[in-house]
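This report refers to the structure that appears directly beneath it.
The values are calculated or read from the model by the stated rules, or taken from the named source; none is laboratory data. Just so it is clear, the model here is predicted, and its values are computed rather than measured. Note: ideal-geometry Cβ built from the backbone for every residue, glycine included; neighbour counts use all protein chains shown. These accessible areas exclude ligands, DNA and RNA; they are computed on the full protein's heavy atoms, side chains included. Shrake-Rupley method; radii C 1.70, N 1.55, O 1.52, S 1.80 Å.
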Amino acid sequence: MPLSQRWTLTRYLIEERRRYPGASGDLNALILDISLACKAIARIVAFGELGDSLARAPQAGSLNVQGEVQKPLDVLSNEIFVRMNEWNGQLAGMASEEMDDPKQVPHAYSRGKYLLVFDPLDGSSNIDVNVSVGSIFSILRAPQEVVDSGRDVTDADFLQPGAAQVAAGYALYGPTTMFVLSVGNGVAGFTLDPNLGEFVLTHPNILVPPDTQEFAINSSNSRFWEPPVKRYVDECLAGKTGPRGKDFNTRWIASMVAEAHRILMRGGVFLYPRDTKDASKPGRLRLLYEANPIGFIVEQAGGRASTGRQPMLGVKPTELHQRIGLVFGSRHEVERIERYHHEPIKREVGNPLFAERSLFRD
Ligand code: AHG
Ligand code: MN
Ligand code: MN
(Lines give C-alpha, C1' and ligand atoms only; values in the text may rest on other atoms or scores of the structure.)
(Ligands and ions follow the chains in the order given, each with its own letter.)
Protein backbone atom coordinates (compact mmCIF):
# COMPACT_ATOMS: atom_id res chain seq x y z
CA MET A 1 0.00 0.00 0.00
CA PRO A 2 1.46 3.42 -0.88
CA LEU A 3 2.46 5.50 2.10
CA SER A 4 -0.01 8.22 1.10
CA GLN A 5 -2.86 5.84 1.84
CA ARG A 6 -1.60 4.76 5.25
CA TRP A 7 -2.52 6.34 8.56
CA THR A 8 0.08 7.88 10.82
CA LEU A 9 -0.10 7.46 14.59
CA THR A 10 -1.42 11.03 14.77
CA ARG A 11 -4.26 10.24 12.40
CA TYR A 12 -5.11 7.04 14.27
CA LEU A 13 -5.33 8.99 17.52
CA ILE A 14 -7.51 11.68 15.98
CA GLU A 15 -9.86 9.09 14.46
CA GLU A 16 -10.08 7.32 17.84
CA ARG A 17 -10.82 10.59 19.61
CA ARG A 18 -13.74 11.25 17.28
CA ARG A 19 -15.54 8.42 19.06
CA TYR A 20 -15.59 10.66 22.17
CA PRO A 21 -16.88 14.07 21.09
CA GLY A 22 -16.18 15.51 24.56
CA ALA A 23 -12.54 14.41 24.62
CA SER A 24 -10.03 17.21 25.06
CA GLY A 25 -7.16 15.70 23.10
CA ASP A 26 -4.96 15.58 26.23
CA LEU A 27 -4.55 11.82 25.98
CA ASN A 28 -3.52 12.08 22.34
CA ALA A 29 -0.97 14.76 23.13
CA LEU A 30 0.48 12.58 25.87
CA ILE A 31 0.70 9.49 23.66
CA LEU A 32 2.46 11.51 20.93
CA ASP A 33 5.05 12.71 23.46
CA ILE A 34 5.57 9.14 24.63
CA SER A 35 6.01 8.04 21.03
CA LEU A 36 8.61 10.77 20.57
CA ALA A 37 10.51 9.51 23.61
CA CYS A 38 10.43 6.04 22.04
CA LYS A 39 11.78 7.38 18.75
CA ALA A 40 14.63 9.06 20.62
CA ILE A 41 15.44 5.82 22.45
CA ALA A 42 15.22 3.88 19.17
CA ARG A 43 17.91 6.17 17.70
CA ILE A 44 20.26 5.61 20.61
CA VAL A 45 19.70 1.85 20.57
CA ALA A 46 20.31 1.76 16.81
CA PHE A 47 23.62 3.60 17.06
CA GLY A 48 24.86 1.18 19.71
CA GLU A 49 28.54 1.56 20.48
CA LEU A 50 28.87 4.23 17.77
CA GLY A 51 26.71 6.67 19.68
CA ASP A 52 28.24 9.17 22.06
CA SER A 53 25.10 9.55 24.20
CA LEU A 54 26.08 6.55 26.29
CA ALA A 55 29.25 8.16 27.52
CA ARG A 56 27.15 11.00 28.91
CA ALA A 57 24.63 8.75 30.70
CA PRO A 58 24.54 9.65 34.38
CA GLN A 59 24.72 7.20 37.31
CA ALA A 60 25.13 4.09 35.18
CA GLY A 61 26.23 1.06 37.15
CA SER A 62 24.27 1.94 40.28
CA LEU A 63 21.51 -0.32 41.58
CA ASN A 64 17.86 0.44 41.00
CA VAL A 65 15.16 -0.07 43.63
CA GLN A 66 14.96 -3.77 42.69
CA GLY A 67 18.65 -4.24 43.44
CA GLU A 68 19.42 -4.70 39.74
CA VAL A 69 22.40 -3.05 38.11
CA GLN A 70 21.31 -0.15 35.95
CA LYS A 71 22.86 -0.16 32.51
CA PRO A 72 23.79 3.20 30.97
CA LEU A 73 20.92 2.80 28.53
CA ASP A 74 18.43 2.12 31.34
CA VAL A 75 19.36 5.42 32.91
CA LEU A 76 19.40 7.33 29.64
CA SER A 77 16.07 5.92 28.47
CA ASN A 78 14.50 6.83 31.80
CA GLU A 79 15.84 10.35 31.46
CA ILE A 80 14.37 10.64 27.96
CA PHE A 81 10.94 9.46 29.11
CA VAL A 82 10.96 11.97 31.97
CA ARG A 83 12.19 14.95 29.97
CA MET A 84 9.85 14.37 27.03
CA ASN A 85 6.78 14.14 29.24
CA GLU A 86 7.25 16.35 32.29
CA TRP A 87 6.59 19.63 30.50
CA ASN A 88 3.42 18.86 28.51
CA GLY A 89 0.84 19.63 31.17
CA GLN A 90 -0.90 16.26 30.84
CA LEU A 91 0.67 14.55 33.83
CA ALA A 92 0.13 14.63 37.58
CA GLY A 93 3.22 12.46 38.04
CA MET A 94 5.30 9.57 36.74
CA ALA A 95 6.70 6.31 38.06
CA SER A 96 9.33 4.04 36.53
CA GLU A 97 11.31 0.89 37.10
CA GLU A 98 14.41 3.06 37.31
CA MET A 99 13.15 5.53 39.94
CA ASP A 100 12.63 4.46 43.55
CA ASP A 101 9.96 7.10 44.15
CA PRO A 102 7.40 8.79 41.91
CA LYS A 103 8.72 11.65 39.82
CA GLN A 104 6.97 14.94 40.43
CA VAL A 105 6.13 17.34 37.63
CA PRO A 106 8.44 20.34 38.28
CA HIS A 107 6.65 23.46 39.51
CA ALA A 108 7.70 25.32 36.40
CA TYR A 109 5.20 23.23 34.41
CA SER A 110 1.47 22.75 34.77
CA ARG A 111 0.08 19.49 36.05
CA GLY A 112 -2.60 17.39 34.37
CA LYS A 113 -4.94 14.50 34.98
CA TYR A 114 -2.89 11.46 33.96
CA LEU A 115 -0.25 9.29 35.58
CA LEU A 116 2.46 7.76 33.40
CA VAL A 117 4.13 4.53 34.51
CA PHE A 118 6.93 2.96 32.47
CA ASP A 119 9.72 0.48 32.05
CA PRO A 120 11.99 2.68 29.91
CA LEU A 121 14.08 -0.22 28.63
CA ASP A 122 12.85 -3.77 28.97
CA GLY A 123 15.25 -6.61 28.31
CA SER A 124 18.24 -4.36 28.79
CA SER A 125 20.45 -7.35 29.60
CA ASN A 126 20.14 -8.07 25.87
CA ILE A 127 21.44 -4.73 24.73
CA ASP A 128 25.11 -5.78 24.69
CA VAL A 129 24.30 -8.72 22.42
CA ASN A 130 22.20 -6.75 19.91
CA VAL A 131 18.92 -8.52 20.62
CA SER A 132 15.57 -6.69 20.57
CA VAL A 133 14.66 -4.56 23.56
CA GLY A 134 11.74 -2.21 24.12
CA SER A 135 9.93 0.34 26.27
CA ILE A 136 6.62 -0.35 28.03
CA PHE A 137 4.14 2.26 29.29
CA SER A 138 0.85 2.47 31.11
CA ILE A 139 -1.44 5.51 31.42
CA LEU A 140 -3.72 5.83 34.45
CA ARG A 141 -6.03 8.62 35.58
CA ALA A 142 -4.74 10.50 38.62
CA PRO A 143 -7.17 10.44 41.56
CA GLN A 144 -9.53 13.44 41.23
CA GLU A 145 -8.33 14.87 44.53
CA VAL A 146 -4.76 14.97 43.15
CA VAL A 147 -5.95 16.80 40.05
CA ASP A 148 -8.03 19.28 42.08
CA SER A 149 -5.32 20.04 44.63
CA GLY A 150 -2.31 19.83 42.34
CA ARG A 151 -0.43 18.19 45.21
CA ASP A 152 2.63 15.99 44.74
CA VAL A 153 1.87 12.37 43.88
CA THR A 154 2.59 9.49 46.25
CA ASP A 155 3.06 5.75 45.68
CA ALA A 156 -0.58 5.19 46.71
CA ASP A 157 -1.89 7.25 43.78
CA PHE A 158 -0.43 4.68 41.37
CA LEU A 159 -1.80 1.58 43.12
CA GLN A 160 -4.69 1.04 40.69
CA PRO A 161 -5.67 -2.28 39.12
CA GLY A 162 -4.70 -2.87 35.50
CA ALA A 163 -8.35 -2.68 34.48
CA ALA A 164 -8.22 1.05 35.33
CA GLN A 165 -5.62 1.77 32.62
CA VAL A 166 -6.75 4.35 30.08
CA ALA A 167 -4.15 3.26 27.55
CA ALA A 168 -1.04 1.11 27.40
CA GLY A 169 1.58 0.27 24.86
CA TYR A 170 5.13 -0.58 24.05
CA ALA A 171 7.83 0.26 21.59
CA LEU A 172 9.96 -2.54 20.23
CA TYR A 173 13.49 -1.75 19.06
CA GLY A 174 14.03 -4.67 16.72
CA PRO A 175 14.94 -4.97 13.03
CA THR A 176 12.21 -2.35 12.67
CA THR A 177 11.04 -0.04 15.43
CA MET A 178 7.38 -0.57 16.23
CA PHE A 179 4.90 1.17 18.49
CA VAL A 180 2.01 -0.98 19.65
CA LEU A 181 -0.87 0.76 21.36
CA SER A 182 -4.25 0.21 22.91
CA VAL A 183 -6.49 3.07 23.95
CA GLY A 184 -9.10 0.55 25.03
CA ASN A 185 -10.52 -0.14 21.57
CA GLY A 186 -8.42 -3.04 20.32
CA VAL A 187 -4.72 -2.98 19.53
CA ALA A 188 -2.94 -1.22 16.68
CA GLY A 189 0.68 -1.60 15.58
CA PHE A 190 2.73 1.12 13.90
CA THR A 191 6.07 0.78 12.16
CA LEU A 192 8.58 3.62 12.28
CA ASP A 193 9.24 4.93 8.79
CA PRO A 194 12.87 5.98 9.21
CA ASN A 195 12.69 8.41 6.30
CA LEU A 196 9.68 10.31 7.63
CA GLY A 197 10.41 9.73 11.31
CA GLU A 198 6.72 8.84 11.67
CA PHE A 199 5.00 5.83 13.14
CA VAL A 200 2.78 4.47 10.36
CA LEU A 201 -0.16 2.13 10.95
CA THR A 202 0.87 -1.25 9.58
CA HIS A 203 -0.95 -3.66 11.89
CA PRO A 204 -4.52 -2.52 12.52
CA ASN A 205 -6.65 -4.61 14.86
CA ILE A 206 -4.07 -7.11 16.12
CA LEU A 207 -5.63 -10.34 17.41
CA VAL A 208 -3.93 -13.13 19.36
CA PRO A 209 -4.97 -16.55 18.03
CA PRO A 210 -6.73 -18.48 20.83
CA ASP A 211 -4.68 -21.66 20.34
CA THR A 212 -0.96 -22.18 19.98
CA GLN A 213 1.85 -24.74 19.91
CA GLU A 214 4.53 -22.37 21.18
CA PHE A 215 5.47 -21.51 24.76
CA ALA A 216 8.12 -19.34 26.40
CA ILE A 217 9.54 -19.89 29.87
CA ASN A 218 12.99 -19.71 31.43
CA SER A 219 13.47 -23.42 32.03
CA SER A 220 16.58 -22.88 34.17
CA ASN A 221 14.08 -22.08 36.94
CA SER A 222 12.25 -25.39 36.60
CA ARG A 223 13.34 -26.71 39.98
CA PHE A 224 11.63 -23.71 41.59
CA TRP A 225 8.33 -23.99 39.69
CA GLU A 226 5.11 -24.73 41.47
CA PRO A 227 3.41 -28.03 40.53
CA PRO A 228 0.77 -26.55 38.17
CA VAL A 229 3.49 -24.89 36.06
CA LYS A 230 5.61 -28.02 36.07
CA ARG A 231 2.59 -30.04 34.96
CA TYR A 232 1.81 -27.61 32.13
CA VAL A 233 5.37 -27.57 30.81
CA ASP A 234 5.79 -31.35 31.17
CA GLU A 235 2.63 -31.88 29.15
CA CYS A 236 3.84 -29.52 26.43
CA LEU A 237 7.21 -31.27 26.30
CA ALA A 238 5.54 -34.68 26.07
CA GLY A 239 4.28 -33.54 22.65
CA LYS A 240 2.25 -35.73 20.31
CA THR A 241 2.40 -38.80 22.51
CA GLY A 242 1.50 -36.92 25.70
CA PRO A 243 -1.85 -35.71 27.03
CA ARG A 244 -1.87 -32.66 24.72
CA GLY A 245 -1.60 -34.80 21.60
CA LYS A 246 0.52 -32.26 19.73
CA ASP A 247 4.13 -31.12 19.57
CA PHE A 248 5.12 -27.77 21.06
CA ASN A 249 7.94 -25.41 20.22
CA THR A 250 9.81 -23.26 22.76
CA ARG A 251 11.12 -19.70 22.50
CA TRP A 252 12.96 -17.58 25.07
CA ILE A 253 14.31 -14.18 24.10
CA ALA A 254 14.62 -12.78 27.65
CA SER A 255 13.08 -9.50 26.52
CA MET A 256 9.48 -9.74 27.65
CA VAL A 257 8.42 -7.00 25.30
CA ALA A 258 9.80 -8.97 22.35
CA GLU A 259 8.04 -12.14 23.51
CA ALA A 260 4.81 -10.15 23.86
CA HIS A 261 5.19 -8.90 20.32
CA ARG A 262 5.77 -12.38 18.93
CA ILE A 263 2.67 -13.60 20.75
CA LEU A 264 0.60 -10.69 19.40
CA MET A 265 1.78 -11.52 15.89
CA ARG A 266 1.34 -15.29 15.85
CA GLY A 267 0.09 -16.55 19.21
CA GLY A 268 1.90 -18.38 21.96
CA VAL A 269 2.06 -18.34 25.70
CA PHE A 270 4.59 -16.64 27.99
CA LEU A 271 5.16 -17.65 31.58
CA TYR A 272 7.24 -15.98 34.26
CA PRO A 273 5.32 -17.59 37.06
CA ARG A 274 5.56 -17.17 40.77
CA ASP A 275 8.19 -19.64 41.97
CA THR A 276 10.09 -20.64 45.09
CA LYS A 277 13.48 -19.26 44.02
CA ASP A 278 13.45 -16.31 46.41
CA ALA A 279 10.69 -15.93 48.98
CA SER A 280 11.11 -12.14 48.91
CA LYS A 281 10.27 -12.05 45.19
CA PRO A 282 6.83 -13.38 44.25
CA GLY A 283 7.68 -13.50 40.55
CA ARG A 284 10.33 -11.81 38.45
CA LEU A 285 8.33 -9.19 36.58
CA ARG A 286 6.77 -6.04 37.93
CA LEU A 287 3.04 -5.48 38.12
CA LEU A 288 2.63 -1.80 37.35
CA TYR A 289 4.97 -1.28 34.41
CA GLU A 290 5.34 -4.77 32.92
CA ALA A 291 2.45 -7.12 33.76
CA ASN A 292 -0.39 -4.57 33.66
CA PRO A 293 0.39 -2.78 30.40
CA ILE A 294 1.26 -6.01 28.57
CA GLY A 295 -1.83 -7.61 30.14
CA PHE A 296 -4.03 -4.75 28.93
CA ILE A 297 -2.73 -5.02 25.37
CA VAL A 298 -2.97 -8.79 25.25
CA GLU A 299 -6.55 -8.75 26.54
CA GLN A 300 -7.47 -5.98 24.11
CA ALA A 301 -6.14 -8.29 21.39
CA GLY A 302 -8.42 -11.10 22.54
CA GLY A 303 -5.72 -12.96 24.49
CA ARG A 304 -5.57 -13.45 28.24
CA ALA A 305 -3.24 -12.28 31.02
CA SER A 306 -3.16 -13.84 34.45
CA THR A 307 -1.14 -14.32 37.60
CA GLY A 308 -1.80 -18.03 37.03
CA ARG A 309 -4.51 -17.83 39.64
CA GLN A 310 -6.55 -14.75 38.73
CA PRO A 311 -6.90 -12.25 35.91
CA MET A 312 -3.95 -9.87 36.02
CA LEU A 313 -6.05 -6.78 35.41
CA GLY A 314 -8.09 -7.44 38.57
CA VAL A 315 -5.11 -7.43 40.94
CA LYS A 316 -5.12 -4.52 43.38
CA PRO A 317 -1.48 -3.42 43.68
CA THR A 318 0.02 -2.95 47.12
CA GLU A 319 3.43 -1.54 46.19
CA LEU A 320 4.81 0.63 43.41
CA HIS A 321 7.53 -1.85 42.47
CA GLN A 322 5.55 -4.99 43.29
CA ARG A 323 6.57 -8.19 41.53
CA ILE A 324 4.07 -10.76 40.38
CA GLY A 325 3.78 -14.06 38.53
CA LEU A 326 2.78 -13.43 34.92
CA VAL A 327 1.22 -15.72 32.33
CA PHE A 328 -0.16 -14.31 29.09
CA GLY A 329 -0.94 -15.13 25.51
CA SER A 330 -3.31 -17.38 23.59
CA ARG A 331 -6.55 -17.55 25.53
CA HIS A 332 -7.07 -21.31 25.68
CA GLU A 333 -3.55 -21.98 26.96
CA VAL A 334 -3.74 -19.33 29.68
CA GLU A 335 -7.14 -20.70 30.75
CA ARG A 336 -5.62 -24.17 30.93
CA ILE A 337 -2.75 -22.93 33.13
CA GLU A 338 -5.27 -21.21 35.43
CA ARG A 339 -7.27 -24.42 35.61
CA TYR A 340 -4.16 -26.35 36.65
CA HIS A 341 -3.60 -23.85 39.46
CA HIS A 342 -7.10 -24.45 40.75
CA GLU A 343 -7.17 -28.22 40.42
CA PRO A 344 -5.94 -30.23 43.42
CA ILE A 345 -2.27 -31.21 43.12
CA LYS A 346 -1.83 -34.83 42.09
CA ARG A 347 0.61 -36.74 44.30
CA GLU A 348 3.16 -38.49 42.20
CA VAL A 349 5.28 -41.27 43.58
CA GLY A 350 8.93 -40.34 43.32
CA ASN A 351 8.29 -36.64 42.77
CA PRO A 352 10.68 -34.80 45.13
CA LEU A 353 8.15 -31.96 45.40
CA PHE A 354 6.10 -34.30 47.59
CA ALA A 355 8.88 -35.78 49.67
CA GLU A 356 8.55 -35.88 53.44
CA ARG A 357 10.09 -32.46 54.11
CA SER A 358 8.89 -30.71 50.94
CA LEU A 359 6.76 -27.63 50.52
CA PHE A 360 3.85 -29.50 49.04
CA ARG A 361 3.41 -32.43 51.39
CA ASP A 362 -0.16 -32.94 52.63
P1 AHG B 1 14.30 -5.45 32.64
O2 AHG B 1 15.37 -5.46 31.59
O3 AHG B 1 13.35 -4.31 32.48
O4 AHG B 1 14.82 -5.58 34.04
O5 AHG B 1 13.36 -6.72 32.40
C6 AHG B 1 13.91 -7.95 32.00
C7 AHG B 1 12.88 -9.00 32.21
C8 AHG B 1 12.08 -9.38 31.00
O9 AHG B 1 12.18 -8.60 29.89
C10 AHG B 1 12.53 -10.79 30.69
O11 AHG B 1 11.49 -11.56 30.26
C12 AHG B 1 13.11 -11.26 31.97
O13 AHG B 1 13.52 -10.14 32.68
C14 AHG B 1 14.27 -12.18 31.73
O15 AHG B 1 14.53 -12.87 32.87
P16 AHG B 1 15.68 -13.98 32.96
O17 AHG B 1 16.86 -13.24 33.47
O18 AHG B 1 15.14 -14.97 33.96
O19 AHG B 1 15.89 -14.59 31.61
MN1 MN C 1 11.47 -4.94 32.15
MN1 MN D 1 13.80 -2.15 32.37
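Things worth noting here:
- Mean ellipticity per residue at 222 nm, deg cm²/dmol - from DSSP H runs of n ≥ 4 across the chain, formula -39500 (n - 2.57): -8500 deg cm²/dmol
- Tyr272 accessible area, assembled protein chains, probe 1.4 Å, Å²: 30
- Karplus-based coupling profile of the stretch 270-285, in residue order and whole Hz: 10, 10, 10, x, 4, 9, 9, 4, 8, 4, 7, 10, x, x, 9, 8, with θ = phi - 60° in 6.51 cos²θ - 1.76 cosθ + 1.60 and x standing for Gly or Pro.
- Rounded tilt (10° steps) of 26-47 against the dominant C-alpha axis of the chain: 70
- Applying 1/(1 + (r/R0)^6) with R0 = 30 Å to the Cβ-Cβ distance of Leu32 and Ala108 gives a FRET efficiency near 0.90.
- Distance in nm between pseudo-label sites at Glu145 and Arg223 (7 Å out along the Cβ direction from Cα): 4.9
- Out-of-range pairs (alpha-carbon distance over 28 Å; input Lys39/Lys277; Lys246/Lys281; Lys39/Lys103; Lys71/Lys316): Lys39/Lys277; Lys246/Lys281; Lys71/Lys316
- Residues Trp225, Trp7, ordered by accessible area of protein heavy atoms at a 1.4 angstrom probe radius and largest first, appear as Trp7, Trp225.
- Shape category assigned to the stretch 199-247 from the gyration tensor of Cα positions, a/c cut at 1.5: oblate
- Point-charge dipole on Cβ atoms (K/R +1, D/E -1) for the chain, about Cα centre, debye to 20: 900
- Nearest 10 degrees, 0 to 90: helix 227-238 Cα axis against the chain principal axis: 80
- Spin-label pair Gln322-Met1: with each label point 7 Å from Cα along the Cα-Cβ axis, the two points sit 4.0 nm from one another.
- Prolate/oblate/rounded call for the stretch 154-283, Cα gyration tensor, a/c under 1.5 rounded: oblate
- Between Glu335, Glu68, Glu259, the GNM of the chain built on Cα springs shorter than 10 angstrom shows Glu68 fluctuating the most.
- Whole-percent carbon and sulfur share, accessible surface of the stretch 61-197, 1.4 Å: 53
- Sequence of Thr318, Thr8 when ordered by accessible area, the most exposed leading, probe 1.4 angstrom: Thr318, Thr8
- Computed from Cα positions, the angle between helix 331-342 and the longest principal axis of the chain comes to roughly 50 degrees.
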